[in-house]
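Undergrad: Below is one structure. I have some questions about it.
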Amino acid sequence: MKRILIPLSFLLLSACGGGSSSSKTEAETNPLPVDPEKFVLHNVRFDAKDYYDQEQVSIKEGTSFEVQWVSPSSATYKIDLYLSTNGEEHSDDNKIVELRCGSDSFSLCPNATGEVQCIIDDNTLSCSIDHNFVGSAVFLDEHRSSLKFIIKGCDALNSCDVKTFNLLLESK
């Protein structure tokens, strides 16, 4: 049986190769459709201006700014906010706050659109919702030029979307 399966495997694998010598890959010529079931954060805004993943956001030190997002539905979802320094990934070590959101939630963001107000002052980023403090993160002076604000949203099935924004601090 092994003698038949091994040559048959080679035959099948070699049949998958071949094709054109074009420099474009299959994924480039026939991209996969976007999964409509995947959780994706929309319209991430800082002070009512849309920003996209990896964009730079200018923040004036000592002045509050608003961060808004829209989830794909008003079903229950979770939002985690992080402050990253020196390119570190989001983790429990740099989490500012975890919010439970959506229609089935008793959290401070009860529907698909959520928002927090934040301020950076004295090397601390603090956030609140409707004047209710929700969390903060401290950073060192040497990390001022590498600050990133990370928003991670996940639905009840743990399908997640992560958006990262580079923060440019302007002095008072």
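Undergrad: Condition (residue is buried (at least 17 other Cβ atoms within 10 Å of the Cβ), of a type outside the set (F, W, Y) and in contact with a Phe, Trp or Tyr (Cβ under 9 Å, 6 or more places away or on another chain)) applied to the range 129-136: is it met by at least one residue?
TA: no
Undergrad: What is the residue count in the range 137-167 for residues that are under 23 Å from H42 (Cβ atoms), surrounded by 15 or more Cβ atoms within 10 Å (Cβ to Cβ) and not acidic (D, E)?
TA: Counting residues in the range 137-167 that are under 23 Å from H42 (Cβ atoms), surrounded by 15 or more Cβ atoms within 10 Å (Cβ to Cβ) and not acidic (D, E) gives 15.
Undergrad: Which pairs turn up if I take residues in the range 74-101 that are on the phi > 0 side of the Ramachandran plot and in contact (Cβ under 8 Å) with a residue 60 or more places away in the chain and look for partners that are buried (at least 20 other Cβ atoms within 10 Å of the Cβ) and charged (D, E, K, R) with beta carbon separation below 9 Å, at least 6 apart in sequence or on another chain?
TA: Matching pairs, first to second residue: G87/K148.
Undergrad: Among the residues of the range 106-133, write down those that are modelled with pLDDT under 90 and in a strand (DSSP E or B).
TA: C109, T113, listed by residue number.
Undergrad: Restricting the search to the range 87-102, which residues are aliphatic (A, V, I, L, M) and in contact with a Ser or Thr (Cβ under 8 Å, 6 or more places away or on another chain)?
TA: I96, L99 - these are the residues of the range 87-102 that are aliphatic (A, V, I, L, M) and in contact with a Ser or Thr (Cβ under 8 Å, 6 or more places away or on another chain).
Undergrad: If you don't mind, there's one more thing I want to ask. Does the range 146-161 contain any residue that is part of a helix (DSSP H, G or I) and in contact (Cβ under 8 Å) with a residue 12 or more places away in the chain? I'd like the intermediate steps shown before the answer.
TA: Let us first name the residues in the range 146-161 that are part of a helix (DSSP H, G or I), namely 146.
Among the residues that remain, those that are also in contact (Cβ under 8 Å) with a residue 12 or more places away in the chain are: 146.
Yes, the range 146-161 contains at least one residue that is part of a helix (DSSP H, G or I) and in contact (Cβ under 8 Å) with a residue 12 or more places away in the chain.
Undergrad: Criterion first (farther than 19 Å from K38 by Cα, charged (D, E, K, R) and out of contact with any Leu (no Cβ under 7 Å at 6 or more places or on another chain)) does D155 satisfy it?
TA: No, not satisfied.
Undergrad: Select the strands (runs of 3 or more DSSP E) contained entirely in the range 39-105, then report the ones holding at least 1 residues which are crowded, with 17+ Cβ neighbours inside 10 Å and touching a helix residue (DSSP H, G or I) at 6+ places or on another chain (Cβ under 9 Å).
TA: Filter on the range 39-105 gives 77-84.
Undergrad: Would you check if Y82 is in contact with a strand residue (DSSP E or B) (Cβ under 6 Å, 6 or more places away or on another chain), modelled with pLDDT of 85 or more and closer than 18 Å to I150 by Cβ?
TA: Considered against the rule, which asks whether it is in contact with a strand residue (DSSP E or B) (Cβ under 6 Å, 6 or more places away or on another chain), modelled with pLDDT of 85 or more and closer than 18 Å to I150 by Cβ, Y82 comes out as yes.
The values are calculated or read from the model by the stated rules, or taken from the named source; none is laboratory data. What you see is a predicted model; the values in this text were computed from it and never measured. As a convention, Cβ positions derive from the backbone with ideal geometry for all residues, glycine included, and neighbour counts pool all protein chains shown.
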